[in-house]
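**Q** Before anything else, here's the structure in question.
Each value in this text was obtained by applying a stated rule to the coordinates, not by laboratory testing. None of the values given here were measured: they were computed from a predicted structure. Virtual Cβ from ideal backbone geometry, glycine too; neighbours counted across all protein chains shown.
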Amino acid sequence: MKDFMKHNGILILIVAVLLAAITFVCSLFAGTDPLSNAVGVLTTPFRSGLNTVAGWVDDVNGYLFDYDTLKTENEALKQQVADLEEQARAGEDASEENTRLRELLNLREKHSSFDLESAMVTARSTSNWSSTLTISAGSDYGVEVDQCVIDEYGNLVGIVSEVGTNWATVNTVIDTYTELGGSIARTNSAAIIEGDFTLMQQGKLKLSYLPEDTQIISGDQILTSGKGGVYPSGLVVGSVEEILDDASNLNRYAVIAPSADLDHLVQVFVIKDFDIVS
């Protein structure tokens with residue numbers, strides 16, 4: 001519509017001026033003599049056309065004005081929506097940070113005997129043969145091989161397997177490197193927590209060497225036993241999904257789903273020291 005007015009505006013103006021001139025000439029003849037009557041007959045259609053054009057021009061101008069106004073208001077509304085969305089995202093981030101800090105406080109209160117070193121997850125690697133994380137704390141921070149790593153909820157993430165000055169590699173609980181004493185929280189029955197090649201592809205691990213009389217059911221929580229004093233006791237490893245027989249059909253093992261969200265970890269905590277519970 002704006003392009004039409006831009007290219008035809010001059011022509012419309014010329015027509016309007018001509019019609020106005022003809023109307024002015026007609027007004028000079030007040031009588032109803034044949035000449036005036038003839039001029040009136042000739043100019044009446046033009047007068048009607050002039051009124052129509054004038055009305056159309058007014059309508060177009062009104063439309064263009066309304067269009068510009070609506071466009072301005074629309075842009076303003078879009079900006080308001082963008083601002084509100086940004087505020088909502090900021091609010092969600094702040095809420096998540098507050099939740100994380102509360103969990104961290106609870107973690108330190110629950111495990112007051114732990115000497116914890118905070119670290120960020122800088123890389124993760126999962127292949128057919130291993131499942132590892134790289135963290136931003138190493139020997140400069142007192143991190144050593146075989147130290148346990150937990151999340152902000154106290155769930156076992158894995159065990160440190162390699163240390164640099166400001167970094168360390170952590171084999172996650174589902175890695176085949178994993179092997180430590182475990183216990184069933186409900187019955188306190190002992191068993192061995194270990195990684196498995198097949199289960200690792202499913203993001204799981206297993207509880208092996210179950211005594212024949214062990215009472216274990218789906219949903220049972222599995223903890224570290226702490227026997228031997230190498231690893232702390234009471235760390236949550238995961239929960240039992242199912243109990244199966246091994247290939248020989250002589251022994252049972254339990255499939256465990258880890259409690260730590262290994263795929264979305266951002267911050268972890270290395271347990272550098274702890275009280276040994278006998």
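**Q** Arrange the following residues from fewest to most other Cβ atoms within 10 Å of their Cβ: Lys206, Lys110.
**A** The fewest-first ordering by Cβ neighbours comes to Lys110, Lys206.
**Q** Classify segment 197-264 from the C-alpha gyration tensor, please: rounded if a/c falls under 1.5, else prolate or oblate depending on whether a/b exceeds b/c. Don't jump to the answer; show the numbers that get you there.
**A** Details: a/c = 1.75, a/b = 1.17, b/c = 1.50.
It comes out oblate by the Cα gyration axes.
**Q** Report, by chain and number, residues whose modeled amide H sits under 5 Å from the one on Leu205, excluding near sequence neighbours (fewer than 5 apart, same chain).
**A** Ile256
**Q** Taking the Cα atoms of segment 115-273 alone, what are Rg (to one decimal) and Dmax (as a whole number) in Å?
**A** Spelled out, the Cα radius of gyration and Dmax of segment 115-273 are 15.2, 49 Å.
**Q** Exactly which GluC sites (Glu not before Pro) in segment 199-259 are in a DSSP loop and have at most 16 other Cβ atoms within 10 Å?
**A** Details: sites: Glu212, Glu241, Glu242; in loops: Glu212.
Qualifying residues, ordered by number: Glu212.
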